[in-house]
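A short write-up of the structure that comes next.
Derivation of every value follows stated rules applied to the coordinates shown; laboratory data play no part. All values derive from a computational prediction rather than experimental measurement. So basically every Cβ, Gly included, is an ideal-geometry build from the backbone, and we count neighbours across all protein chains shown.
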Ligand code: RIB
Ligand code: CA
């Protein structure tokens, strides 16, 4: 019995690809649709990469194009980390069965929410541009969504600047719209995602299975690993798999309710998610569940089990 109807909004990228494979493998999830947004790579790449990953695992989901750039400003791609094509420079074909829908992402998301009123879980693992457009264009959407689970932000560190995490930094105005929307939010920021590290031993184990998904997992991580290994990391953080596994296995995580809002006018602090977790002065309401820690070994075991069950 599928417990959770889910919509995935992503900027497929390397860790998005692994999160998508995990989502597909989780038996508790009914993946209703997927939307692509400009983020790690330009929209043409994030959109076709999403098709490519679905083709790899013989999955057939409706996939929709979203925003080509943030609400304000220009794209800020991360091809140094994700490779020039966004998939760690691993070449995957676009499946012949791929349907290039014309419906824009925000319209498709709204239609899906109308079909699953009050039940649709939106997992957003890229910049929040598509989500902000949908919430703005369709005022009833906020009441139709059960929860928005994001990979983004941080109650502490940044990874693009000392203050800001990539997904929020790329489109802080969109993120502010989401945090102010009134929809229950689960924020999986760098506080937890940097602890959810897949190591070379883990991906070698997956590759040794001999499956397409196992080999792809190892191969697509080599590009980010080149950078991270020189920065003292023990592996590659599975940022985007955190909201995915939080949905089905919240028991693996530690979280606190907090007020969270986004700096949209700063210079040094542009894109910072400001939380009242460690502050005497509190915001007006606790608008987010901020995830702070994870049982890393159990998390990785479940992630590897998901990938090991794919073709
Ligand atoms: O900061 C990490 C986030 O930025 C992840 O979602 C990764 O895919 C990139 O989009
Ligand atoms: Ca992402």
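Enter the mean projected area of the convex hull around the alpha-carbon atoms of the stretch 172-311, in nm², rounded to one decimal.
Numbers: hull surface 40.5 nm².
Hull-based average projected area comes out at 10.1 nm².
Calculated mean residue ellipticity, 222 nm, the chain: -10500 deg cm²/dmol, from DSSP H runs (n ≥ 4) at -39500 (n - 2.57) each, averaged per residue and rounded to 500.
Sorting 231, 21 by the number of Cβ atoms found within 10 Å of their own Cβ, with the fewest placed first, yields 231, 21. By other beta-carbon atoms within 10 Å, ranking 295, 201 with the fewest at the front produces 201, 295.
Computed over the Cα atoms, what is the radius of gyration of the stretch 91-165 divided by 2.2 N^0.38 Å, N being its residue count?
1.37
Modelled spin-label separation between residue 30 and residue 60, with each label point placed 7 Å from Cα along the Cα-to-Cβ direction: 1.8 nm. How high is the FRET efficiency between residue 296 and residue 102 when r is their beta carbon distance and R₀ equals 35 Å, given to the nearest 0.05? Once the sixth-power term is evaluated, E becomes 0.25. Rounded if a/c is under 1.5, else prolate if a/b beats b/c, else oblate: with a ≥ b ≥ c from the C-alpha gyration tensor eigenvalues square-rooted, which is the stretch 43-133? Judged from the Cα gyration tensor, the stretch 43-133 comes out oblate (a/c at least 1.5, b/c at or above a/b). How many nm separate the modelled label positions at residue 161 and residue 42, each set 7 Å beyond the Cα in the direction of the Cβ? So the label points at residue 161 and residue 42 sit 2.6 nm apart. Using only the Cα atoms of the chain, build the gyration tensor, take square roots of its eigenvalues as a ≥ b ≥ c, and label the shape rounded, prolate or oblate: rounded if a/c is under 1.5, else prolate if a/b is larger than b/c, else oblate. Cα axes put the chain in the rounded bin. Taken along the Cα-to-beta-carbon direction at a fixed 7 Å, the label points for residue 305 and residue 230 span 3.8 nm. Among 140, 191, 284, the order by Cβ neighbours within 10 angstrom, fewest to most, reads 284, 140, 191.
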